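The values are calculated or read from the model by the stated rules, or taken from the named source; none is laboratory data. This is a predicted model, so every value here is computed, not measured. Neighbour counts are summed over all protein chains in view; Cβ atoms, including those assigned to glycine, are modelled from backbone coordinates with ideal geometry. Keep in mind that these areas ignore ligands, DNA and RNA; they rest on the heavy atoms of the full protein, side chains included. Shrake-Rupley method; radii C 1.70, N 1.55, O 1.52, S 1.80 Å.
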Amino acid sequence: MNAGRPVWLDVSAGVAGDMLLGALVDAGADLGALQAAVDAVVPGSVRLTRAEVVRAGQRATKVDVEPLVDDPPHRRWTTIRGMLEQAELAEETRRHALATFARLAEAEGHVHGTSAEDVHFHEVGALDSIADVVGVCEGLRLLGAGTVTATAIALGEGRIRAAHGDIPVPVPAVAQLAVGWPVVSGAASAPAHDHDHAHDHDGGHTHHHDDDGGGHHHEHGPADHHQPQAQVGAVRPVGELATPTGVALVRALASAAGPMPAMTLAAVGVGAGTKDLPGRPNVVRVLVGEEASGLLTDPDADAAGAVVPGTPAEVVQLEANVDDLDPRLWPGVLARVLEAGALDAWLSPILMKKGRPAHTLHALCPPGAAAEAVSAAILDHTTTLGVRQHAPLHRRVLERTWRAVDVDGQPVRIKVAHDGVAVRQATPEFDDVAAAADALGLPERVVLDRARRAALEARLEPGAPAP
C-alpha cells in the first residue's frame, strides 16, 4: 500500500478471506463495487451477499460467497494470474491480488515439493479464493488504505481430519505462509465444550488445504476434529483458526506486525466467520484512520518490502547484465521494476566481454513472491536472458515520513528520516522543488535553498525530536 489512510487488522482471533471481506464491507466498502471487481475476473460465477450477525454477543457483518455455476473448472495459478492480468481492475487492486495469489501458490508448491506454476485451485475453492482475494484488495483500495499493519495471527492448534487424512493445525500451507510473521495458537480461552465449534473459521470456505501430495489446491469441506476426550472444564486445542487465503492476504498487504498505530480513528469494521463460539467472538476487525494533517507517507514505499523501522529485515538482490537495450528505455524499466515490488533499483555501468559497454540492473526486494514478481518484470522489460539472485542480505532502515513546508505559496515535501526518537536526516523532495521553481519562475537552486530554510524553521533538522 502507498500513501493513504492507516489501516490496522485485528486478526488475534484468527483470519479468513471472507472474514476480512466482511470487515471491510462493515467499515464502509461498497458491496456492489466489490461484486463488480470480482465479476471483472470471473463474470457471472459468484454472488456476494451481506448479512448482519452476532458472534458471542458482538455485532458483525457476514459476507458469503455464493457460487453461481455448477461445475467450475480447475484452474492453475498460471491461469488465475492471466485472468487477473487481463481483467478490468484498478491497478492497485490487480497488483495486490497478484501478490496474494503468488504467496498462496508459492506456499503450496513448497509444501508439496512442486513448482508454484503447477499448483491447482480446484472447483469452488478457486472461485472462493478469487472472490475473497479480489474483494479484499478492492475493498482496501475503496477505503483509501495506505499503510496496513496487523496483529500477530492466531493460527489455532490440534489436528483435523481432512478429505485425504489427518493433518496438524496449523495446516502446512498456513504454517509456510506465516514464516517471518508473529503468531499465537489462540488456544488460551477455549473451554472443552467449545472445541467442536472451533474449526471452519471462514464459514465453510476452508478451500486451500491440499494433503494429496500433488500440489493441488482444493476444497476439503468441514474439518473433522478428533481430539481425545477430556475432563469437563479442561482446555482443549481450538482447531483451525486461520486459513491460507486469510494468512496470504495479511502477508501480502500488511507491512508490519504490531499494536494499533497512533491515528485518528475514522471507521471500524467487524467481519464474522460462520461459527458462533460461546465466549469467543469469531471475528476479524479492521480499524481505519484518517490521514494525519501535514504528515504524508512515503509515496515511494511499498508494502511488500516495508519493515518495522530500525530492525533488521531480510532482502535479496537481483541483478542482470544488459548490453543491447536502447538507453532511452532505462528510466521506464526502473519504474516498472519498482512497481513490481522492488524496494530500490539502480544501474551500474560495466564493460562486458569483447569490450562492449553495458549496464548491470540491480534490484533490492523482499524474498519469495516479491522477488519472483521483480524477476518477471526484469525479464519482461529488458533484453536479458536471465536474472541472478544473491543470497539473502539484511538491511536496517530508518522510519521515513513526509512533512509539507511552504515556499512562497508552493508546497514542497521534506523527507524526514528518524529513529523514533530524533530526526536523522531531512531532505527536500527535488520533484517538488522543480515544480515550485517552475511555478514561481525561479531557479531551482534558489527554491532548494528556501525549502531547506523552511525545513529548519519547522524544526525538521538532525537532532530535532522525531515527528
#### Entry: Check on Arg413, at pLDDT below 90 and either in a strand (DSSP E or B) or open to solvent by less than 30 Å² (accessible area, probe 1.4 Å) (or both)
no
### Query
Is there a residue in segment 373-391 that is part of a strand (DSSP E or B), exposed (fewer than 15 other Cβ atoms within 10 Å of the Cβ) and of a type in the set (Asp, Glu)?
no
### Query
Considering only helices (runs of 4 or more DSSP H) fully contained in segment 1-100, which possess at least 1 residues that are of a type in the set (Ser, Thr, Tyr) and either touching a residue at least 24 places away in the same chain (Cβ under 8 Å) or at positive phi (or both)?
77-86
#### Entry: Restricting segment 101-122 to residues that are among the hydrophobic types (A, V, I, L, M, F, W, C) and in a helix (DSSP H, G or I), the residue that is most open to solvent (accessible area, probe 1.4 Å)
Val111
#### Entry: Arg47 vs. criteria farther than 21 Å from Ala242 by Cα and out of contact with any strand residue (DSSP E or B) (no Cβ under 8 Å at 6 or more places or on another chain)
no
### Query
Are any residues in segment 135-153 open to solvent by less than 10 Å² (accessible area, probe 1.4 Å) and assigned to a helix (DSSP H, G or I), and if so, which ones?
Gly135, Val136, Cys137, Gly139, Leu140
